[in-house]
1. Mind jotting down the distance between the C-alpha centroids of the range A:27-76 and the range A:479-522, whole Å?
2. Starting from the Cα of B:Ala7, step 7 Å toward the Cβ, then list every residue of the range B:170-191 with an amide N under 15 Å from that point.
3. Based on Cβ point charges of +1 for Lys and Arg and -1 for Asp and Glu, what charge dipole magnitude is obtained for the protein assembly as shown about its Cα centre, in debye rounded to the nearest 20?
4. Round to the nearest 10 and give me the degree value, 0 to 90, for the angle of helix A:116-129's Cα axis relative to the longest principal axis of chain A.
5. Of A:His449, A:Thr548, A:Gly578, which is farthest along the charge dipole of the range A:434-597 in the positive direction, counting Lys and Arg as +1 and Asp and Glu as -1 at C-beta?
6. Could you compute Rg(Cα) / (2.2 N^0.38 Å) for chain A, with N its residue count?
7. Between B:Ala492 and A:Lys153, with labels modelled 7 Å along Cα→Cβ, what's the label distance in nm to one decimal, could you check?
8. If you average the C-alpha positions of the range B:240-298 and of the range A:297-321 separately, how far apart do those two centres end up, in angstrom?
Number of protein chains: 2
Amino acid sequence: MTIPAEAESSVDVLVIGAGPSGLMAAHGLARAGVNVRIVDQRPAKVAAGQADGIQPRTIEVLQSYGLAERLLREGNQMHMAAFYNPSPNGGIVRTGRTADITAPSARYPFEVTLHQGAIEAIFLDSMAAMGVHVERPVVPTSIELSADKAELKDPHSHPVKVVLKCLAPTEGQPETEVVNAKYVIGADGAHSWVRKSFGISMDGEQTNYIWGVVDIVPDSNFPDVRNRCAIHSTNGSCMIIPREGDKIRLYIQLTDTDVLNPETGRVDKNKMGPEKLMEVAKKTFYPYTMHADTFDWWTIYIIGQRVASKFSVNERVFIAGDACHTHSPKAGQGMNASMNDTHNLIWKLSHVLRGWADMSLLKTYEFERRKYAQDLIDFDRKFSALFSGKPRTSAGGDGVSHEEFLQAFQTFGAFTSGIGIHYAPSPVVHTQHQAHARALVVGQRMRPHVFVRAADARPFEVQDLCPADTRFKVLVFAGDTSDAAQRARVQALADAVEQGFYRRFGGAEPGKVFDVLAISSAPKDKVDYTDLPPVFRTHWSKVLLDDTDMFARVGGGGYDAYGIDKTKGAVVVVRPDGYVGIVAPFESIQDVDDYFAGFMKA
Amino acid sequence: MTIPAEAESSVDVLVIGAGPSGLMAAHGLARAGVNVRIVDQRPAKVAAGQADGIQPRTIEVLQSYGLAERLLREGNQMHMAAFYNPSPNGGIVRTGRTADITAPSARYPFEVTLHQGAIEAIFLDSMAAMGVHVERPVVPTSIELSADKAELKDPHSHPVKVVLKCLAPTEGQPETEVVNAKYVIGADGAHSWVRKSFGISMDGEQTNYIWGVVDIVPDSNFPDVRNRCAIHSTNGSCMIIPREGDKIRLYIQLTDTDVLNPETGRVDKNKMGPEKLMEVAKKTFYPYTMHADTFDWWTIYIIGQRVASKFSVNERVFIAGDACHTHSPKAGQGMNASMNDTHNLIWKLSHVLRGWADMSLLKTYEFERRKYAQDLIDFDRKFSALFSGKPRTSAGGDGVSHEEFLQAFQTFGAFTSGIGIHYAPSPVVHTQHQAHARALVVGQRMRPHVFVRAADARPFEVQDLCPADTRFKVLVFAGDTSDAAQRARVQALADAVEQGFYRRFGGAEPGKVFDVLAISSAPKDKVDYTDLPPVFRTHWSKVLLDDTDMFARVGGGGYDAYGIDKTKGAVVVVRPDGYVGIVAPFESIQDVDDYFAGFMKA
């Protein structure tokens, strides 16, 4: 076999690391038609274990890429949480049950659990259908970013040089390759080589909390074996996360003597094993039985709570996922935060690469995601302390009471569900007209609601009309279109939109940049889709109603739910990632033009 | 190429004809693990045109086979119907809109439209995954049924001999083959060769109504182009059926002079074409525009309304679908009736072939489906007359008024939706205890309702827990299991079930014959799945609650909706095809034993 000399190539985006964060990036960029490659050092995808909880918001995001159907088919759903505390009679007793999440507006009011390999497979299969595959096993051996300011400012330049080494080259394939990239995304995990290469520090520290994790099919008489359980016993704490099929995952609190090597003071995995973990669990579950013959996967870890000091180098190299934040896995945050990092970046890179947006748009990635990561660590610090703390027994004392824990669980609910993510004002978040859609919070994700299509009375979830297709969704809440005066206002708005941002930033094919939907507040027997001006109905499917379906099962009340005036209406711009970018009354449509002018090129 | 001598083989079931009826049969039998073959004379599946409307009940049936998801993804949904009548100013004017179906209990409150080829593909792909393919182009050249009574009564015999001729044999494949079958299903269309071979007559007659059909992508300003429209104009009647994508189907009433050859008195397709059909349509739609440049498919037909005099020959040869009933396509009945014919037959054949049920069970196929077909023709006769009749104009007269038509449309709604199908008492329909579940009509399909799983508070549609897997579903409405006295009654019932039909007819593996589900009326905070006796929870997933999900979005009120006493409960047996077979109070569990004893072997 002859190994050719080193090869050299160019790419728009190189993704390093094919975990959930890297796969989300490569999948979304490929779907947007971006020239992208993704490499990973592992010879094959993850088979079992590792992260496995998908939050309500992440399900919404996956749905926006058309990936949620399979997730929901394959995954387990976690709807209920149960709490156990020390019983006066010894052992544990149930002190309450509640919803697993605290996010009334969630479209999917539960979490999905599924092993990481199955989640990765959803991305891999969808990517394969687009002809994009993970190149593996491939390791980067060097990365260099040009220091030339002119080169960095030129959107057509390839200022990042990465040398890739293929660990198993096929016949005729060069062993090493120099890749010149416009952008690089380092999604290479907690020990990120990309992060280290640029000397980006991790701020924060390790905790003293040590946990063991084991995946089993339980043989048990415990009645909440299919619910998320937080169990505080005098023998330690434990959490159950039910999984696909009959599997469950146990998180088991360990003590120093369980796992630390007394000589080195470091975790010694040889001191532990799944059988020993189950011995600890059995004591915690008393008087219930908890037995397993076989173990799918297990590990032990010390919780670390750290955030990278920066998320990008000159907006040419980005880090995402575990590379920029590490925290406790118990609240199921890790994989969700990781996927949502790159979800935030995909549309921004796509718009810049197409020449539609200014490169300054990319600064909003770190702005939005680093603040979120910091909030995540703050949350994790509080939650881990509560969870790892000693329970208060019926004898009293200074332990954590059930009420304290439950309150924390619910307070943080919006956060742990991912629904509460709130991006602060920036070039892509303009809040000045918030009052015109009081309950559609600018900077938060577009709230789900069912509207009915005017042409055929078919109900649609509005989130499904705002897919992650890199287009801005312009939702024209047209008010009462059965009123002639309002129709005149709508016509004036249509003229302003068409002569304004729609053509100015949409160019010859504005339908590729903007998807305009009109939503009338009039009842369905008073609306024909043909009533709306042409720019608000580029297709018969684009006109909606705030009314129920024909059997009044779904729909209606959307204007009220969103806090929009039913007579006058309002314009709502939803970003390509599903977050509300700006709200404006008809009279302030110029502010929508200004919003787009802040980052888009005419 | 050498053609081998004639081959001979055996099969349990031979299906002749791979239209919707035959495909439903072959797919369902294959899924049940039955040894089945299916042949068709056409060299390839239908590409476009032909039947295309799927009723609400048929969607439920397809869902029970796991096939609805794709149908719903690919098909158009028809939620609304609009009515147009002559305007006093000339042309037509909208006189009203209503729901497309009249069936408040429908799980899917709409019809799906999709061309027949796409519907067939759903079956073909699912069959292919099970290794079953349509053999084509193959024609049967002779069929013989043994006259030997002993042979006919022997469940292991193969009394039907069919000679098949392959029209395009591959190398080494015999051109003709003698197939000895236990059972044959003739699903070979309106001109059924199987039916004619046994001299089965068609009762009924042709009408004088002549219609043209054309599939187009309209260029139109008609505001109801995406709704089912019934248009009565002084220029003739027309119906719109919106289809997948932007297509619509137009049904256009024709006059004798449009299409009859004056010499022969028969329809002459050469007198018509899609352009001429559109000319007729344009007049009907005035003052709206209705234009099309291209035509997907078109045809003309005279409505026939006939039912076969019998549906089987000695319960060894069955006919199904268009082979036993022909009627107007406008109410979208044909394909639905056809698929539901064989849906009714699949589980009966499966149980007899496995030796679980007596061959007499097969008599209920003709009993149940022929009555339905007759009702269908009666309905069609009335509806076609109304639809083809002259409209009443504002000047009055004796035509059909909008009110008359609308009333008929709604009266027949339950019928056209398929939801109202009601099988009369028979060995598989025992109505004596109807009062114990007043709104679960014995002989009708199991009504959809959402219940919540006790173990994890996950909501489930009960129809999804009653899939078409050939098992009888025994739904134990266990009453208030938080009450100790009721738990004692439930335990006594469990003992009776286990010592009774469950073991008697379930043998060593009763889980293959029966799927037992328990539904408590107690709220979720008062139930653990472990509260139920083992026979009512063979798996943690088998215990349900009549309560809402954690956010009170779905579920609850099921006992009331079904008319079951919340304290005492009742037992409901759902047949493998989703129809309620018997209802009984706990005290009459012996009647459930008797029900099964009526057709099953111990």
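The values are calculated or read from the model by the stated rules, or taken from the named source; none is laboratory data. Here the structure is a predicted model, which is why all the values come from computation and not from measurement. So basically every Cβ, Gly included, is an ideal-geometry build from the backbone, and we count neighbours across all protein chains shown. Note: accessible area is taken over every heavy atom of the protein model, side chains too, but ligands, DNA and RNA are not part of it. Shrake-Rupley method; radii C 1.70, N 1.55, O 1.52, S 1.80 Å.
1. The range A:479-522 and the range A:27-76 have Cα centres spaced 35 Å from each other.
2. Within reach of a label on B:Ala7: B:170-180.
3. Dipole about the Cα centre, nearest 20: 980 debye.
4. It works out to around 40 degrees.
5. A:Gly578
6. Relative to the 2.2 N^0.38 Å estimate, chain A comes out at 1.04.
7. My value for the distance between the label points is 9.0 nm.
8. The two parts, judged by their Cα centres, are 66 Å apart.
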